[in-house]
Structures are given as C-alpha cells and as structure tokens.
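In what follows, a structure is listed as structure tokens, so that the remarks can point back to it.
Just so it is clear, none of the values below were taken in a lab; they were calculated from the coordinates. The model shown is predicted, which means the values in this text are computed figures rather than measured ones. Ideal geometry is used to build each Cβ from the backbone, glycine not excepted, and the neighbour counts take in all protein chains shown.
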Amino acid sequence: MSSLLNFLYHKVDDHTSDTSYRRPKIGISANRKEGMSCIAEPYFQSVIMAGGAPVLLPVTTDIHALATIVDTLDGIILSGGGDINALYLGEEPAPEVEDTDPYRDEYDFLLLRLAFNRQLPIFGICRGHQVINVAFGGTLYQDIHTRFSADALKHSQEEARHVATHPVILADIPSGLKVALKSPPQQAISVNSFHHQAVKDVAPEFIATATSPDGLNEAIEHPEYPVFGVQWHPEQMAVAGNEMMLDLFRYHVGLANVFAKAKRLHERMLTIDSHTDTPMLFETFDPGRKEGGKVNLPLMEEGRLDAVCMVAYIPQGMRDDASLQKAYEYARERLSKVIDRAALYPDRMGIARTADDLRRLKREGKKAVLLGVENGYAIGKDIRRLERFKELGVSYMTLCHNGDNDICDSAAGNGEWGGLSPFGREVVAEMNRLGMMIDVSHASDDTFYDVLKYSGKPVIASHSSSRALCNHRRNLDDDMIRALASQGGVVQICLYKAFINEDADNASLSDAVRHICHIVDVAGIDHVGIGSDFDGGGELKGCRSANELIQITMRLISEGFDDESIAKIWGGNLMRIVNSE
C-alpha cells in the first residue's frame, strides 16, 4: 500500500474514533446544467465553515426518492439559479423571462413541500428566496425593470460575485435575520446582487426583514416556522471572508442542530397528544391518507408523533331519555369507527388501552390511538355505561362540554348544580374504580374543585391552558393549576387559539410555549403536557397539524429544557396517570 493511501486511511480511522459530535446534515438543492446536477462550491464550503455537513440533492422529481432523502436531513438550503416559470404565479410568462427550467421548478417546489411537511429548517438563497415566497402564496416581479420600476437599482451586477454592490436596509422589527447577523448596530448592510426577478407581494404570514434602497424586497421569514430567505448570495461573500454572511449559515446550521436533536429525542421518548376530535371526520376518513383532517398516519409519521387520544365528541343536547340514548349510541358508534379504521392498518397503528400498550406499539414502530369520550352527556343518567365505555377501550371521559349536564356544571353553563351533582359524585367514584381518567377540561371552577375533593386519583385537564396568560373561562388559574398538581394531576396545554391568546387571530406557537413555561413555573415540570384539540378547532400559527408538533420540541430545546423534562411534557407526565389505573 502506498504511503499516500496509508496517510488517507489513517485520517479516516482517527476521525471515526471521535463520535463526540455529529454535524447536522444540510441538503442543498442542485442546479441543472447540461444534464448534470451541480452546485457552485461556495454553497457547500459555507455550510462546512458554519459547522454543518452538506449533502448535494440531485435534481429529480421522483417524489419517493426525494422523500427518502429528506427524511435523513436536518435542514435544507434552496440554492440560486434561473428564473421561475410565471405559470407558477398564475401569470403568462413575460418576454423578459430568461432561462426557465420546468424540471428544476418542479423539483424545487416538491423538495420545499417535503421539507416543510417535516418541519426542517429552510434557508432560501436568491432563486430559493423567491421559491419560498411563491410556495407560500406570495408573488414575483417577473422582471424588475419592466414590471417594478425602470429606475430600480442594477440588481444584476458585473463585479465579481463576492463583491458587495449595494446596501440593504434591515426592517426595524425583531427578526431572525437580525439574530443571525448578531444584531448589527447599523441599519444597513452591504450585499451582492444577481437577479432580475424579485419578490413582489410577500407571502401571507411571512414578514419582510430587509429591502433595497429602491424598495425591492431583499429578505423574508416566517415568525414561527424556521423558514427564511435572502435575495443576495451570502455564500459567495462568506467564503471570501465576510463573517457577517457566514453568520447566516451558522444561524441555519444552528436551527438544523436543534431539529436534529428534536428528531433524536422523538426516537427515544414517547410522545402523546391527549386530545383530538378526529372521529368527527370519520364518515369518509381514511387514517392512512392525508384527507382534510389534522391528524392521520402520514402526518403523525412526518411529525414523529407516537400517540393521540381520539375522542368521541358529543355536543350538549336535551336531557330527556330519548336524547340521552341517542348521545350514548352516537358516542359508541364514533369509537367503534376509530377501532375499525385502525384495523385497516395493522402494520402501522393500533388501539392502546394501557400504558404497556403505548410502550409496546412504540417499540413495534406503530402509532397508537387512545380512546376518549368528550362530554359525560354520553352516559346520561346511567352509570353502567361507564363500564361499557371502559370495555370498549376508553381511557378518559371529559365530564362535560359547553353546557351543564346530569354530572356537573360546565364553564359555559348556568351553574345548575354548584359543581358536581350527586350523580356526578358517583361518576367520579366509579371512574376511579374502573381506572378511567377524569378530565376536567370544560368544567366550571366549582366542578373542578369538587372533582379534586371527591377523586381518590389524579385527574387531568386534557386540553386547557393558563388563565393567567389568556383570561378565558376554559383555562385554569394559577391556584387551580397548583391544586391539580398537588394531587398529581396534569394540565395538557391546548392549541385552540382563543385559549392561548386573547387576540385569537394572532395566537401562535410562541404563545403556547409561554403557557407551557408558565405552568412549569407555577406547578413544576411534572404537571404539564400537550393536548392539541386538532380537528376540534385547535391550530396556531406555527403549529397547525400533527406533523408540526415537533416544533414544540424544538422550541423547548431552545428554551433550555433538558431531555428528561421534554420527555415528561411530551407524555411522561400523562403516562404516570394512565399508570394510576
């Protein structure tokens, strides 16, 4: 063996003995030229310099191949290149549009969708910046000088690619761009420029974070998702020694590192969403497909979510015998449909009745479904129905919904009983006996305290949040949270807009994380979890369906929570009460 080959082999062997650090894998979309998938070296050099491991992604529209590749990545960079076909804007191509490549367009949009569905951090550069904007509903100027302004700056420079030729002005708002650039004291930074298409209308929910002096957009980002783009080419400047431009790559690699850690955590810990109303969709619902709902197998697989509690929701109705019988039959029918649908996919999912079932399904690589009943109206005045629900596999029952029933007063009711009814006290005792968790979400404050008084086991609030942060009757105040915690209970933070932010239109994932942190401060790490209320109105900016729940993990990591604490929030705390059966 030659000494040169020996030297190379020694380098490899010395490296493999050091497993203390794994670089996040950053996929870089390729360009397509003369039958080759290729990329300018500064892209991958910048990623390496920033601490990442670059992976060149071949230009292919084979969605199965792309999905397999994306599943291995921790972040994506959408690179520069030719013009975007105006047909993606719903417009006829302008004469000024240059070298469009329909195959590259299709590849980029497929790649972006796959990455976003899995919540990978996404960084768009030049064309990639424009692809992000179009993909999320924004528009473009097909040609700056004929569609924007003849007096626009020259955005296609002739100088060397690493040379800065004009300034961009940073928006006077908090932004990830400013964080990435380490809050430069100046309001303007100098960049290069190589484009004649440009962002016109910024995509809904995205914010503009920089503009050029002529008013053209130079940077966008989503305030909740880890998605941002810049119009210039920072990779060219970064490899030439510009530390500020390299900081953009360090920022993206940092986000990817958090995502990589979140993925590893989801592999080890058991993640449970304690409340979804998905059975309401089951007339035409197929859990193996993405069909309108916010919870199904593909979404759970993309979001690395292990288990959900699917509840039979029954709206409060009349309390005569016929209406009560109808409510009971409806609840059983909904739950039976969940069981039937799960049986269609025995290799991918199963019904969990116990904590051991949850752990077993996790080991088998299957998704778990717990069953619940939302509104004790379903048992009417017949306590024997509790045992029938338990035999069907029901793990918990929410005592009421939006209206008083024969069990108790609702937060939205008229205070008929002053808390639990006499029958309600019997229900609490019977649920304790059966090992069925008692859920106090939707209950009035008086009912809440009565349940704590009469229950011999910990109780849950399957989908409630903090009243101190959002003053809604459905939430729990700090005294209630402490009281629940003192008996071993858990508050499962709800992602319903009006329970998270009094300005519901602006309710976001950031708000939900504040609720989690607040309850940890008030009651400790052992008394908080997550109950999305997906398919029952739950959704926030930054967390709209089961595949996006991994965002909560990423935020908790960024907030400084350790692995054990995150595992408790994501299911460990709830499992303690499931085990109390």
Worksheet, complete the sentence: Here the equivalent ellipsoid of region 418-491, derived from its Cα gyration tensor, has semi-axes (largest first, whole Å) of 21, 13, 10
Response to the item:
The correct pair for region 327-430, radius of gyration to one decimal and Dmax as a whole number, both in Å and from Cα atoms, is 15.8, 48
Worksheet, complete the sentence: The summed charge of the P279 Cβ neighbourhood (under 12 Å; Lys/Arg +1, Asp/Glu -1) stands at -2
Practice prompt. In vacuum, with every alpha carbon of region 191-241 counted as one equal point scatterer, what does the Debye formula give for log10 I(q)/I(0) at q = 0.16, 0.18, 0.26, 0.30 Å⁻¹? Two decimals, please.
Written response: -0.51, -0.62, -1.05, -1.20
Worksheet entry | Positive minus negative residues near L509 (Lys, Arg vs Asp, Glu; Cβ under 9 Å) | -1
Item to complete: Over region 468-581, consider all pairs of different Cα atoms and compute the Kirkwood hydrodynamic radius from their mean reciprocal separation; express it in Å, one decimal.
Response: 14.2
Worksheet item: Can you give the % of DSSP beta bridges in the chain that are antiparallel, to the nearest 5?
Response: 35
Item to complete: With everything on Cα atoms, drop me the angle between helix 321-343 and the longest principal axis of the chain, reported from 0 to 90° to the nearest 10.
Response: 40
Worksheet item: Across 10 Å bins from the origin, how do the percents of Cα pairs in region 105-182 run, short distances first?
Response: 13, 35, 39, 13, 0
Worksheet item: Using bins 10 angstrom wide from zero, how does P(r) for region 367-486 break down, in % of all Cα pairs?
Response: 15, 49, 30, 6, 0
Discussion item. Can you tell me the mean projection area, over all orientations, of the convex hull of region 386-453's alpha carbons? Units nm², please.
Written reply: 4.0
Worksheet item: In nm², what is the average projected area of the convex hull enclosing the Cα atoms of region 197-279?
Response: 9.2
Item to complete: First obtain the Kirkwood hydrodynamic radius of region 1-157 from its Cα pairs, then insert it into the Stokes-Einstein equation at 10 °C and 1.306 mPa s, and state the resulting D in µm² per second as a whole number.
Response: 90
Discussion item. What aspartates and glutamates does K381 reach when the alpha-carbon gap must be under 12 Å and sequence neighbours fewer than 8 apart in one chain are set aside?
Written reply: D320, D321, D406, E426
Response to the item:
Treating only Lys and Arg (+1) and Asp and Glu (-1) as charged, each at its beta carbon, one finds that region 456-526 has a dipole about its Cα centre, in Debye to the nearest 20, of 260
Worksheet item: Rounded to two decimals, what ratio of Rg to Rh does region 408-557 give with C-alpha atoms and a Kirkwood Rh?
Response: 0.98
Worksheet item: Under a Cβ-Cβ cut-off of 10 Å, what is the net charge of the residues other than N85 that fall near it, where Lys and Arg count +1 and Asp and Glu count -1?
Response: -4
Discussion item. Over the chain, what is the relative contact order in percent, taking alpha-carbon pairs closer than 8 angstrom and at least six residues apart?
Written reply: 11
Discussion item. I need the peptides 465-475, 531-541, 5-15 ranked by packing, meaning the mean over residues of other C-beta atoms within 10 angstrom, with the highest value on top.
Written reply: 531-541, 465-475, 5-15
Response to the item:
Here the convex hull volume per residue of region 249-402, taken over Cα atoms and given in Å³, is 129
Fill in: Scattering profile of the chain at q = 0.11 Å⁻¹ [log10 I(q)/I(0), Debye over alpha-carbon scatterers]
-1.00
Worksheet entry | Folded to 0 to 90 degrees: helix 422-434 orientation relative to the chain principal axis, Cα | 70
Fill in: 10 Å-binned pair-distance histogram of region 47-86 (Cα, whole percent)
21, 48, 28, 3
Worksheet entry | Amide H partners (placed H, <5 Å) of E374, local residues excluded | A312, Y313, I314, T398
Item to complete: For the chain, give the magnitude of the charge dipole about the Cα centre (Cβ charges: +1 Lys/Arg, -1 Asp/Glu; no others), in debye to the nearest 20.
Response: 1640
Discussion item. For region 346-386, report the % of Cα-Cα distances exceeding 15 Å.
Written reply: 51
